[in-house]
1. What's the carbon and sulfur percent of region B:2-125's accessible surface, probe 1.4 angstrom, rounded to a whole number?
2. With the contact rule set at Cα under 8 Å and sequence spacing of 6 or more, what percent relative contact order holds for chain A?
3. Just add up the charged neighbours of residue B:3: K/R +1, D/E -1, any other residue whose Cβ is under 11 Å from the Cβ of residue B:3.
4. Would you mind classifying the protein assembly as shown by shape? Square roots of the alpha carbon gyration tensor eigenvalues, ordered a ≥ b ≥ c; an a/c under 1.5 is rounded, otherwise it is prolate if a/b is larger than b/c and oblate if not.
5. Chains B and A: what accessible area do they bury, summed, in square angstrom to the nearest 100, with a 1.4 Å probe?
6. Return the residues of region A:38-85 for which accessible area with all protein chains present is lower than in the chain on its own by 10 Å² or more; set the probe to 1.4 Å and exclude ligands, DNA and RNA.
7. Quick one: helix B:6-22 against the long Cα principal axis of chain B, what's the angle to the nearest 10°, folded into 0 to 90?
8. Working with all protein chains in place, sort B:126, A:111 by solvent-accessible area computed with a 1.4 Å probe, largest first.
Amino acid sequence: MERVPILKIGGVLLVSIQIDLQDQSVLALQEDLAEKISTTGAHGVVIDISAVEIVDSFIGRMFATIASISQLFDADTVVVGMRPAVAITLVELGLTLGGVRTALDLERGMKILRVLGEQRRGPSSDEDADPLRALL
Amino acid sequence: MPITEDGDVVRVRQLARNYAQQVALSLVDQTKLVTATSELARNTLIYGGGGVAHIEIVADGRRRGVRASFRDEGPGIPDVSLALADGWSSGKGLGLGLSGARRLVDEFDLDTEVGRGTSVTVVKWKR
C-alpha cells in the first residue's frame, strides 16, 4: 500500500494526492492526518486533488471525514484543484460534499485558510502570516 | 480479472480507463465510466466477498463503447429497488454506489439472487 505524504508549511498541512488511491491508502491518510494535526497543532489542511482522475463515493467520503476530524482539532480543511470532469461526475453520482470547503487552486485554498484562521484566532503569528512565502 | 483485494479495485479502474481511451470516450465520459466501475468493483469486493470483473470493448453497428461486468457469488441483494434507492445503505457506505453508478452509465443491468450472488453489467457508449 502506498502512503500519501503530508507536508507542513507554516501552520498548514498540505496533502497532495499523486497516486491512484486504493481504499487502504485512504484510511491510512485519515489516520496519519489526525495524528499530524494533533502533534503539530496545525490550523488548516489543504488537500490538493489536481492530479486525481476520479473521486468515487469512498474517496469523496474521505474529504468529509477529514474535514470533521480536523474540526475536532480546531483546524479547517480545504479541497483544491478538482478537475472539471471529476466535478461533473461527482454531481451526477449524487455526492454533494456538503460541509467540505473547496477552492479552485492551492493559492486560493491557502488564502481561505489564512482568513478563517484569523477570524477564529485573531491575526496569525509571523510563521504562518503567508504560508505561500515559505514555498518561494 | 479477479477482484479479491483492495488493489484490484484500482486495477479495474485502470483497465476501464484504458479501454475508454481506446474507444475515444470524451474525458467526462471516461471519468464517469471509471467512477462507476470503481463503485461496482468495490461492491463486488465488500458486499459480494470478492468476484470477477470483465471489461471489454463492444460495438453496435458503427457505435463503439465499453462494457464492464462484475460477478460475485456472495449473499445477493434481497430488495433490489431498495438497494437502487439513493441514500440507502446496508451500513458500510454512503448508499450511493449502486444508484450512483447507474446514473453514470448508459446501460445498467442488475441480476441478483439471494444466496447465489450478484451480477452487474454496465455500458458506456461513445457519443
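1. In region B:2-125, the share of accessible area belonging to carbon and sulfur is 48 percent.
2. Values: 208 pairs, mean separation 34.9, N = 136.
Normalised by residue count, the contact order of chain A is 26 percent.
3. Summing Lys and Arg as +1 and Asp and Glu as -1 gives -1.
4. prolate
5. 2000 Å²
6. When all protein chains are present, A:53, A:54, A:56, A:57, A:58, A:61, A:85 each give up 10 Å² or more of accessible surface.
7. Roughly 30 degrees between the two axes.
8. Per-residue accessible area, sorted high to low, gives A:111, B:126.
The values are calculated or read from the model by the stated rules, or taken from the named source; none is laboratory data. Treat the numbers as computed from the prediction; the structure is a model and nothing was measured. Quick reminder, even Gly has a Cβ in these numbers, built from the backbone with ideal geometry, and neighbours come from all protein chains shown. Surface accessibility is based on the protein's heavy atoms, side chains included, excluding ligands, DNA and RNA. Shrake-Rupley method; radii C 1.70, N 1.55, O 1.52, S 1.80 Å.
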